[in-house]
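Asker: Take this structure first; my questions come after.
The values are calculated or read from the model by the stated rules, or taken from the named source; none is laboratory data. Being a predicted model, the structure only gives us computed values, none of them experimental. No Cβ is skipped: glycine too gets one built from the backbone with ideal geometry, and neighbour counts run over all protein chains shown. Ligands, DNA and RNA are stripped out before the accessible areas are found, and what is left, the full protein with its side chains, is counted by its heavy atoms. Shrake-Rupley method; radii C 1.70, N 1.55, O 1.52, S 1.80 Å.
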Amino acid sequence: MEKRTPFESVGPVPAPIGPYNVAILADIGTVKLLSALLALIALFGFATCGFAAAKVIPLPRPRPADIARPEPPAEASAEEPAPPSACRLRLTAELAVAPSLPALVGPGECVVDDVVRLEAVRLADRTQVAVTPPAVVRCSFAEAIVHWVREDVVPVVRSLGGALKSIDNYAAYDCRGRNRIIGARLSEHGKANALDIRSFKLASGTVVELTDPNVAKDFRERLRKTTCARFSTVLGPGSDGYHENHVHVDLAERAGGHRMCQWEVREPGDEAAQVPLPRPRPASAAP
Ligand SMILES: [Zn+2]
């Protein structure tokens, strides 16, 4: 059979069968052809319009080679340093000697980002208060220590007639349960969010023990007040028996912003008030 294009098919209708049939057949043929034609015109018209539209919208001018798109960034590798945190940007060399450390990757929950080694606090007069040994803590906690030392501790120590030389870091980052009890809830030390301090050393060489009842009571009272205002947890003598010879400070987050300030400022001879050490928890009772 001969192939026909729609245009060619507009030819003579098939041979007449009868006078009526001819008319009917002619009509059907015409309708079919018209439909095909309309469809074709619509298609052609659409294509033409599309083409015309494409012609109307100018193509963007080719970009000059010198402002060519930058190379896509290489795949982020583990070694690539993350951008500095807001804390890191605030904790300037003017405030502290606190180099950044890689993230701490301890077992379980003891994984901490944005860590620094707090070596010294810089004061406004450019002298330094050393942290001995340097404390490995998260940046936000280091920042709190820095402002506490600069704004609170130094003025309070001055009231003793001395200049603060260093603060004693008894414990900082340490992946362990609270009060070193295995199986207890993770201590804030495990989150690099706590510091235990035993004493301050003055420029004269004098060591001031924070929990020593023989140290000026007014000094210890003022220190306790400012410390509890700054940290969400402060544990000292009289808290739980584990903090008789040092003061623990941390920035634990609690429901409702609840704070814990448990530090009895004792007088000489107050030993009776001391809380006996609780019995160690049996390992089997650990959750
Ligand atoms: Zn502690």
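Asker: Would you check if there is a residue in the range 102-118 being crowded, with 17+ Cβ neighbours inside 10 Å and within 20 Å of Thr227 (Cα to Cα)?
Answerer: Within the range 102-118, one or more residues are crowded, with 17+ Cβ neighbours inside 10 Å and within 20 Å of Thr227 (Cα to Cα).
Asker: Suppose we keep only residues that are polar (S, T, N, Q) and either touching a Gly at 6+ places or on another chain (Cβ under 9 Å) or in a helix (DSSP H, G or I) (or both) within the range 167-216. Which one would you say is farthest from the ligand (Cβ to nearest atom)?
Answerer: Checked the range 167-216; the qualifying residue farthest from the ligand (Cβ to nearest atom) is Ser204.
Asker: Kindly indicate whether Pro133 is surrounded by fewer than 22 Cβ atoms within 10 Å (Cβ to Cβ), away from the ligand (no atom under 13 Å from the Cβ), more than 27 Å from Pro84 (Cβ to Cβ) and more than 25 Å from the chain's Cα centre (by Cα).
Answerer: On the way: surrounded by fewer than 22 Cβ atoms within 10 Å (Cβ to Cβ): yes; away from the ligand (no atom under 13 Å from the Cβ): yes; more than 27 Å from Pro84 (Cβ to Cβ): no; more than 25 Å from the chain's Cα centre (by Cα): yes.
Against the criterion (surrounded by fewer than 22 Cβ atoms within 10 Å (Cβ to Cβ), away from the ligand (no atom under 13 Å from the Cβ), more than 27 Å from Pro84 (Cβ to Cβ) and more than 25 Å from the chain's Cα centre (by Cα)), Pro133 does not qualify.
Asker: Quick one: how many residues across the range 187-224 are aliphatic (A, V, I, L, M) and open to solvent by 30 Å² or more (accessible area, probe 1.4 Å)?
Answerer: We begin by selecting, within the range 187-224, every residue aliphatic (A, V, I, L, M); these are 192, 194-195, 197, 202-203, 207-208, 210, 215-216, 223.
With the extra rule that they be open to solvent by 30 Å² or more (accessible area, probe 1.4 Å), the set shrinks to 203, 207, 216.
Adding up the residues that qualify gives 3.
Asker: Look at Arg180 and say whether it is modelled with pLDDT under 95, open to solvent by 10 Å² or more (accessible area, probe 1.4 Å) and over 16 Å from Leu123 (Cβ atoms).
Answerer: On the way: modelled with pLDDT under 95: yes; open to solvent by 10 Å² or more (accessible area, probe 1.4 Å): yes; over 16 Å from Leu123 (Cβ atoms): yes.
So Arg180 fits the description; yes.
Asker: While we're here: From the set of residues in the range 238-264 that are within 13 Å of the ligand (Cβ to nearest atom) and in a strand (DSSP E or B), which is most open to solvent (accessible area, probe 1.4 Å)?
Answerer: Checking each candidate, the answer is Gln262.
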